[in-house]
Amino acid sequence: MLYLVRAPPEDNTHEIIYNTPTVTGEKIGEEKNMIRRIIRRGTLVIGAVILLTLVLSCAPSTMRSVVDSRGFLFGVAVRPGDLLDPKDSKLLKDNFNILVAENIMKLQYLRPTATFWNWSDVDSLVRFAEENRMKLRGHTFVWHNQNPPFINNLSDKEAALKVLTETITEVLTRYKGKFYEYDVCNEVIDDNGILRNSIWMRTIGPEYIDIAFKTARQADPSVKLILNDYNNEYAGTVKGDAFYNLVKGMVDRGVPIDGVGFQLHMLAELPVNKEALQANIKRFRDLGLTVSFTEVDVRIKLPVTPEKEAAQQAVYEDLLRIAREENISCFVLWGYTDAYSWIPGTFAGYGSAHPFDQNKQPKKLYGSLRKILEK
Ligand code: G3I
């Protein structure tokens, strides 16, 4: 302990200032040490940040970062379990920026009875998409398939109209602003190119399509309203032209349709007719509509051979190249893995239709798609 004794200039009394020696010596030393420690810690933090930046810039980019950076919407149909399984959900997050429910938004599941709405799976899907900054396609309101008994048993026009408008309004009000696109009607034309003999056609008549679109627009003005179908992708075919004429009629009548969906469930053995596909895209564009590739898969007649896989790859590549060249609205796969594929259950003797195999490992096909997306 050191006492500093100072005599104030105009005072004879002595003022004693108590002080500790550190102020003069040790304390200053401690402060210096502290400053050194802070500098050392700061240097470490800066170093760590630089290292992390380097590591991240060297880490391989994901398909997701590729499609995001190209502003391209690349997606897939999912089942509720895909979002819950950690490996499956990581695969989704790493690859896709738009999702669609493979089944749970079909009325059989979403509205199994007139009074019960099964929202929970859809709520989870919407939450998952929001948490992972993904867009959503809605699929589907008006279809001849996967309807609940109370819809299949409708026989009266007024009752059918009530169910149709009520369903669309209820769903789009609940999820207003949440969906990028919605398949308002699905597969309304049959394989002969005429309006399908569905429950909606039988009870309401052909105007059910216009009514569905108008109801959807009223409920959610922001969602893109889509008419979706299969075998409608080529200009110059019976179904392709019938689909076009139906849509043109809707546009001429001022029905609020924003775009069309080509499902594109393809066969490896049938090469893409690029001219007919591009001509079709062009004529819908000329109507002021967008085109989406909504359910892409390419099935192989089993057993798989390298030749068949090469043919499959060519089909996928042609579709993806055209999608990018034409800047279509979105490119959505109908399933990512052979493990959960709908194909074997519907087309006996066919399979291996998706970019990931039974073990959810990427096939050679996956790499070739990625190359096209990287361009
Ligand atoms: O939910 C039942 C389950 O309870 C039961 O144990 C199981 C036994 O088979 O069947 C389950 O239902 C199946 C359902 O998929 C859910 O997995 C149906 O049998 C099966 O027929 C149904 O198939 C769906 C098909 O639409 C129905 O038409 C496919 O998963 C689905 O991929 C497919 O998707 C359609 C699009 O919506 C429209 N475009 C064509 C596309 C492919 O067919």
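Please treat every number below as a calculation from the coordinates, not as lab data. The shown structure was predicted, so the numbers you read here are calculated from the model rather than taken from an experiment. Cβ: placed from backbone, ideal geometry, glycine included. Neighbour counts: every protein chain shown.
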Electrostatic dipole magnitude of the range 105-172 [Cβ: Lys, Arg +1; Asp, Glu -1; Cα centre; debye, to 20]
220
Ordered by fewest other Cβ atoms within 10 Å, a rough proxy for footprinting exposure, 106, 375 read 375, 106
Using the beta-carbon distance between residue 253 and residue 65 and R0 = 41 Å, what value does 1/(1 + (r/R0)^6) give for FRET efficiency, to the nearest 0.05?
0.45
Helix-only estimate, please: 222 nm mean residue ellipticity of the chain, summing -39500 (n - 2.57) across DSSP H runs of length 4 or more and dividing by its residues, to the nearest 500.
-14500 deg cm²/dmol
Residue order, fewest to most surrounding Cβ atoms within 10 angstrom, among 105, 201
201, 105
Tell me which residues come under 5 Å, amide H to amide H, from residue 118 once H is placed; ignore anything under 5 positions away on its chain.
111
Per-pair calculated FRET efficiency, R0 = 56 Å: residue 302 and residue 162 via Cβ, rounded to 0.05
0.75
Label model pair residue 314, residue 222: point-to-point distance (7 angstrom along the Cα→beta-carbon line) in nm is 4.5
If eta is 1.306 mPa s and T is 10 °C, what Stokes-Einstein diffusion coefficient results for the range 285-375, Kirkwood Rh from Cα pairs, in µm²/s?
114
Just the ratio, please: alpha-carbon radius of gyration of the range 232-277 over 2.2 N^0.38 Å, N its number of residues.
1.32
As a Kirkwood estimate from alpha-carbon pairs, the range 188-332 has a hydrodynamic radius in angstrom of 16.2
Which of 291, 163 comes first, and how do the rest follow, when ranked by fewest Cβ neighbours within 10 Å?
163, 291
Between residue 85 and residue 372, Cβ-based FRET efficiency (R0 25 Å, step 0.05) works out to 0.35
With the cut-off at 19 Å, tell me which of the pairs 106/178; 135/214; 301/363 have Cα atoms farther apart than that.
135/214
From the alpha carbon gyration tensor of the chain, can you work out the equivalent ellipsoid semi-axes (sqrt of 5 times each eigenvalue) and give them in Å, largest to smallest?
61, 28, 19
Given the Cα-Cα distance of residue 324 and residue 46 and 0.36 nm per residue of separation, how much length would full extension add, in nm?
96.0 nm
Could you tell me how far the Cα centroid of the range 287-358 sits from the Cα centroid of the range 100-159, in Å?
24
